[in-house]
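A.B. asks: Would you mind keeping the following structure in view while I ask a few things?
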Amino acid sequence: MPHALVIGGSLGGLFAGLLLRQAGWDVTVFERSTGDLAGRGVGIGTHVELFDVMRRLGITIDESMGVAATSRICLGPDGAVIARLPYNKILSSWALFYRALRRHLPDPCYRPGMELVDVTQQADRVTAVFANGMKVDGDLLVGADGLHSAARTHAFAAPEPHYSGYVAWRGIIEEQALPPVARELLDSYGFFLPPREMVLSYLQPGADDDHRPGRRRLNWLWYHPVPRTDLPGLCTDADGRHHAAGIPPPLIRPELIAAFRAEARAILPPQFIALIEATAAPFFQPIFDLDSPRIVADRVALLGDAGFVARPHVGAGVTKAALNAAWLADELATSDSIDAGLAAYEARARPFGSALVARARFLGAHLEDPPRAGVALDPLTVMQSIGAPLRDIPELASYFFDGQGAPQGAQAPAKSSGDTARPVDGLVR
């Protein structure tokens, strides 16, 4: 069997490893960290396409995969609901998907504590060099190691991710600890839309992937402008160390969190103020994007955030990784050679990634400094557009259906009712 070296043991790497194994490859997944990745608690949006790939892997898709929100609401500054939109969406957690995928990959195929430091290539072989001195040869190396990809750095002359001009402050609260004033946010996807800002909240499964009422968690995000010149200071800890890739939450300086809470009290509705006050340790992540000019270099292929980083407004980061992995496995399985399969994968995945990045940039344009013109900001437009089904987005729909509404490609997923909204673009261009 051909051997694939998958760099990155997060969701993209697990999708790639499992789908390539299903297609007849010998696979080893290398993860740089040694801890349990399932400890990551952030919420994620889902899409029909994501669930279709999970089903391909034999994973049961039922109500245990997430929490259903049946409407979207937008709050005014005083906390009154100023807009409401019926909208069915399944929200889940990163940890739930990680555990579901990791259970299907045999332990001998997963190597933690392996930090990639170099990639070398011969005519039909690729070698991964790790920090512990180990060198591993394979027929293919898959870079699935995320935003700051070592595989991309060592195998491609690619641009680095671009800072968007804003960060996302985040927090998670156990449902049982939710302040009474915020309880109306429980079963809705909540929005607040002050100028040049966006605040969101949605439910996700709780501890041990528990989706039962009373045991869930509420996830909130506040997209907040931070000039590029101020970002290094925000990412510097109390000892003066700068964390260019994003500061770990425990190292955020207390005075920054205090200033963040004070600003929240000054401009947010009562429901979101209560959420932030009840969050013991809010944290933030700078928002980047990346549109790679190429995602294949000889026997190295990039997928997920290693290739394309779209701002979170499309809500499709995990779905993109799953689709990339499925397309890579399909093209390798149906092509006459590995090289032909990689060329076909790039031809399919690269324009899709670019379109996804462009869509996410448009949705976040009003958050930039200065904000770009031409973006409609009325609440219904925003609620229809953030995390909309991929097949309802004109520039993305062609990747799933032909002109007659039929699925594209041998492995393309069929239409499903698991993710619904009015099929409206809703944006002024």
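The values are calculated or read from the model by the stated rules, or taken from the named source; none is laboratory data. What you see is a predicted model; the values in this text were computed from it and never measured. All Cβ positions, glycine included, derive from the backbone under ideal geometry; neighbour counts span all protein chains shown. To get the accessible areas, we keep the full protein, side chains included, count just its heavy atoms, and leave off ligands, DNA and RNA. Shrake-Rupley method; radii C 1.70, N 1.55, O 1.52, S 1.80 Å.
A.B. asks: For region 75-111: of the residues being open to solvent by 70 Å² or more (accessible area, probe 1.4 Å) and in contact with a strand residue (DSSP E or B) (Cβ under 9 Å, 6 or more places away or on another chain), which is modelled with the lowest pLDDT?
C.D. replies: Per the stated criteria, the residue is N88.
A.B. asks: Determine, yes or no, whether D291 is surrounded by fewer than 21 Cβ atoms within 10 Å (Cβ to Cβ) and on the phi > 0 side of the Ramachandran plot.
C.D. replies: For D291, the condition - surrounded by fewer than 21 Cβ atoms within 10 Å (Cβ to Cβ) and on the phi > 0 side of the Ramachandran plot - is not met.
A.B. asks: Okay, next question. For the condition touching a Pro at 6+ places or on another chain (Cβ under 9 Å), over 21 Å from L302 (Cα atoms) and either in a strand (DSSP E or B) or open to solvent by 10 Å² or more (accessible area, probe 1.4 Å) (or both), what is the one hit in R21, R55, R32?
C.D. replies: Working: R21 fails: over 21 Å from L302 (Cα atoms); R32 fails: over 21 Å from L302 (Cα atoms).
R55 is the lone residue from the list that is touching a Pro at 6+ places or on another chain (Cβ under 9 Å), over 21 Å from L302 (Cα atoms) and either in a strand (DSSP E or B) or open to solvent by 10 Å² or more (accessible area, probe 1.4 Å) (or both).
A.B. asks: Tell me which residues, restricted to region 201-245, are open to solvent by 30 Å² or more (accessible area, probe 1.4 Å), touching a residue at least 24 places away in the same chain (Cβ under 8 Å) and in a loop (DSSP other than H, G, I, E, B).
C.D. replies: Selection gives H211, P213, R215, P227, A245.
A.B. asks: Going residue by residue through region 317-327, is there one that turns out to be touching a Phe, Trp or Tyr at 6+ places or on another chain (Cβ under 9 Å), open to solvent by 20 Å² or more (accessible area, probe 1.4 Å), closer than 19 Å to D139 by Cα and of a type in the set (G, A, S)?
C.D. replies: no
A.B. asks: Of E63, E49, which residue is touching a residue at least 24 places away in the same chain (Cβ under 8 Å), open to solvent by 50 Å² or more (accessible area, probe 1.4 Å) and closer than 23 Å to G387 by Cα? Write out each step before concluding.
C.D. replies: Details: E49 fails: open to solvent by 50 Å² or more (accessible area, probe 1.4 Å).
Exactly one of E63, E49 is touching a residue at least 24 places away in the same chain (Cβ under 8 Å), open to solvent by 50 Å² or more (accessible area, probe 1.4 Å) and closer than 23 Å to G387 by Cα, namely E63.
A.B. asks: Can you spot a residue in region 200-212 that is under 25 Å from E263 (Cβ atoms) and over 18 Å from the mean Cα position of the chain (by Cα)?
C.D. replies: Checked against the condition, which is being under 25 Å from E263 (Cβ atoms) and over 18 Å from the mean Cα position of the chain (by Cα), region 200-212 yields no hits at all.
A.B. asks: Within region 103-124, can one find any residue that is assigned to a loop (DSSP other than H, G, I, E, B), within 30 Å of P270 (Cβ to Cβ) and not small (G, A, S)?
C.D. replies: Looking only at region 103-124, we keep the residues that are assigned to a loop (DSSP other than H, G, I, E, B), and these are 103-106, 112-115, 122-124.
From what is left, the residues that are within 30 Å of P270 (Cβ to Cβ) are none.
No: zero hits.
A.B. asks: Name the residues in region 152-194 that are in contact with a helix residue (DSSP H, G or I) (Cβ under 6 Å, 6 or more places away or on another chain), under 18 Å from R217 (Cα atoms) and assigned to a loop (DSSP other than H, G, I, E, B), would you?
C.D. replies: Within region 152-194, P179 is the sole residue that qualifies.
A.B. asks: While we're looking at this one, here's another question. What pairs come up if the first residue lies in region 246-274 and is under 15 Å from S201 (Cα atoms) and open to solvent by less than 50 Å² (accessible area, probe 1.4 Å), the second is modelled with pLDDT of 95 or more and of a type in the set (K, R), and their beta carbons are under 9 Å apart, counting only those six or more places apart or on different chains?
C.D. replies: Pairs found: I273/R261; I273/R265.
A.B. asks: Can you spot a residue in region 118-135 that is closer than 18 Å to L14 by Cα, at pLDDT 95 or above and out of contact with any Leu (no Cβ under 8 Å at 6 or more places or on another chain)?
C.D. replies: No, region 118-135 contains no residue that is closer than 18 Å to L14 by Cα, at pLDDT 95 or above and out of contact with any Leu (no Cβ under 8 Å at 6 or more places or on another chain).
A.B. asks: Can you find even one residue in region 134-148 that is in a loop (DSSP other than H, G, I, E, B) and free of Cβ contacts under 8 Å to residues at least 12 places away in the same chain?
C.D. replies: Filtering region 134-148 for residues in a loop (DSSP other than H, G, I, E, B) gives 134, 139, 144-148.
With the extra rule that they be free of Cβ contacts under 8 Å to residues at least 12 places away in the same chain, the set shrinks to none.
No; the residues of region 134-148 include none that is in a loop (DSSP other than H, G, I, E, B) and free of Cβ contacts under 8 Å to residues at least 12 places away in the same chain.
A.B. asks: Failed condition for D305, given (1) of a type in the set (D, E); (2) closer than 23 Å to D392 by Cα; (3) outside any helix (DSSP H, G or I), with all others met?
C.D. replies: Evaluating D305 over (1) of a type in the set (D, E); (2) closer than 23 Å to D392 by Cα; (3) outside any helix (DSSP H, G or I) leaves (3) as the failure.
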